[in-house]
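The next block holds one structure in the form of structure tokens; read it before the comments.
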Amino acid sequence: MDFLFTTIFLALLISTSQAVDPCSSESDGSDISVIPIYSKCSPFTPPKPDSWVDTIINLASKDPQRVKYLSSLVAQKATSVPIASGQNVLNIGNYVLRVKLGTPGQLLFMVLDTSNDNAWVPCSDCTGCSTKTFFAPNTSTTYESMDCSMPQCTQVRGLSCPTTGSSACLFNQSYGGDSSFSATLIKDSLRLAKDIIPNFTFGCINTVSGGSVPPQGLLGLGRGSMSLLSQSGSFYSGVFSYCLPSFKSYYFSGSLKLGPLGQPKSIRTTPLLNNPHRPSLYYVNLTGISVGRVTVPIAPELLAFNPTTGAGTIIDSGTVITRFVEPIYTSIRDEFRKQVNGPFSSLGAFDTCFAATNEAVVPAIALHFTGLDLTLPMENSLIHSSAGSLACLSMAAMPNNVNSVLNVIANLQQQNLRIMFDVANSRLGIAREICN
């Protein structure tokens with residue numbers, strides 16, 4: 001009897017350990033796992049073995065490039081670009097998706113970017129690529145090349161097509177300010193969880209110069225004509241949502257839900273605003289900000305949506321910490337400091353750090369949108385030093401070298417929330433969800 005019990009116990013133990021492996025488990029349905037780029041399940045190695053807060057500070061130091069890129073977008077005319085635009089596109093990829101391309105599927109960890117319409121991956125024989133994992137189109141039975149006569153090709157900047165005749169659709173693009181890549185436009189099947197998107201158009205990178213290009217590619221979830229939502233047509237009905245886990249989360253605990261099924265039934269929403277000069281960005285109407293019970297005094301024009309100048313507020317998955325134009329941030333910071341016992345010091349991008357022993361008196365910060373009030377969980381408002389002795393307000397002003405009129409609600413403030421993008425009905429929803 002003891003032998004039988006021991007045998008059954010060991011069998012259950014082995015079965016359970018296999019079932020809960022957080023790195024090898026596959027999602028069922030249309031949920032795609034989302035993880036921080038330097039988590040335990042990610043194939044990417046951090047630049048050095050820092051603590052998670054040091055990793056955030058390092059990632060946030062790249063925010064000025066990101067917001068400079070976002071600010072440059074809002075001044076451009078509407079455009080449909082299958083690969084990166086001619087602007088210096090930013091590489092900050094803080095969250096990655098586990099997806100498959102081709103038939104049979106080839107596994108890649110692609111960066112999730114809500115402010116980009118394009119998709120591209122490193123391909124086999126790539127020169128200068130920083131990864132050992134490539135997409136090999138010639139081994140896929142569903143791969144299709146694209147030539148210069150195709151309309152998608154003619155819309156790409158950096159085009160290298162002859163004036164006469166037909167050839168492969170080749171591109172040269174700058175990226176991140178210090179990098180560039182050449183790519184070929186191709187089609188193949190894209191697998192997301194159990195869903196397959198046939199004839200998905202993306203860039204196949206052949207050559208990389210510099211170190212800023214995301215190692216295994218990027219998947220754009222913007223509103224443009226070449227984004228995943230547009231290319232999937234009615235498959236997802238213009239709806240997706242994500243829950244971003246904390247940077248401290250090691251495993252595939254976050255998720256990307258595609259399509260209306262499985263979305264929260266009770267979720268508060270605010271209208272999505274359309275900027276015809278940059279229709280891809282997800283603008284929302286931020287009407288005010290509270291610190292504790294105090295409504296922060298903010299001039300209305302600093303919050304107003306202006307399609308001509310690009311002013312307003314966007315939700316972005318690629319910026320690390322929320323950034324406000326300087327007068328708004330200064331008002332938030334000053335009121336926060338009034339309610340918290342100093343003295344205050346700086347840590348990296350954070351200029352309002354204080355003794356963690358004073359955390360009990362920290363006021364809640366609420367963002368007020370049209371039809372929706374979001375009170376940030378404390379873990380979305382504060383970040384702690386690696387030693388735990390300091391707590392810092394985890395927001396900042398727009399960098400001095402960025403002439404921006406844009407406010408960016410970033411991923412640190414979105415963690416452990418379900419953010420739903422209902423493009424078909426022009427609304428954005430937010431609900432509390434723990435996905436660590």
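The values are calculated or read from the model by the stated rules, or taken from the named source; none is laboratory data. Small disclaimer: the values here were computed from a predicted structure and weren't measured. Cβ coordinates were reconstructed from backbone atoms using ideal geometry, including for glycine residues, and neighbour counts include every protein chain displayed. Note: accessible area is taken over every heavy atom of the protein model, side chains too, but ligands, DNA and RNA are not part of it. Shrake-Rupley method; radii C 1.70, N 1.55, O 1.52, S 1.80 Å.
What Rg and what Dmax come out for segment 198-239 when only alpha-carbon atoms are used, in angstroms?
Using the Cα atoms of segment 198-239, the pair Rg, Dmax is 12.9, 38 Å.
Cβ under 12 Å from L112's Cβ, L112 left aside: what net charge do those residues give with Lys, Arg +1 and Asp, Glu -1?
-1
With a ≥ b ≥ c taken as the square roots of the eigenvalues of the C-alpha gyration tensor of segment 366-410, please select rounded if a/c is under 1.5 and otherwise prolate if a/b is larger than b/c or oblate if it is not?
Verdict is oblate for segment 366-410.
So how far apart, in nm, are the two label points at S266 and S160 if each is 7 Å from Cα heading toward Cβ?
5.7
Grab the other residues whose beta carbon is less than 15 angstrom from that of F135, score K and R as +1, D and E as -1, and report the net.
With Lys, Arg at +1 and Asp, Glu at -1, the neighbours total +2.
So which of K100/K132; K132/K194; K100/K265 end up more than 23 Å apart by C-alpha?
Result: K132/K194; K100/K265 exceed 23 Å.
How much net charge surrounds D373 when only the other residues with a Cβ under 15 Å from the Cβ of D373 are counted, with Lys and Arg +1 and Asp and Glu -1?
Within the 15 Å Cβ shell, the charges total +3.
Need one word for segment 344-436: rounded, prolate or oblate. Basis is the Cα gyration tensor (sqrt eigenvalues a ≥ b ≥ c); a/c below 1.5 gives rounded, then a/b vs b/c decides.
Judged from the Cα gyration tensor, segment 344-436 comes out oblate (a/c at least 1.5, b/c at or above a/b).
Keeping all protein chains in place, calculate the accessible area per residue for segment 284-340 (probe 1.4 angstrom), answer in Å².
Per-residue accessible area for segment 284-340 comes out at 39 Å².
Keeping every protein chain present and rolling a 1.4 Å probe, give me the accessible area per residue for segment 182-280 in Å².
Each residue of segment 182-280 exposes 35 Å² on average to a 1.4 Å probe.
For segment 239-347, which trypsin sites (Lys or Arg not before Pro) pass both filters: DSSP loop (anything but H, G, I, E, B) and at most 10 other C-beta atoms within 10 Å?
Loop-located and lightly packed - K265, R293.
Can you compute the FRET efficiency between N425 and M150 using 1/(1 + (r/R0)^6), with r the Cβ-Cβ distance and R0 = 45 Å? Round to the nearest 0.05.
FRET efficiency, N425 to M150: 0.90.
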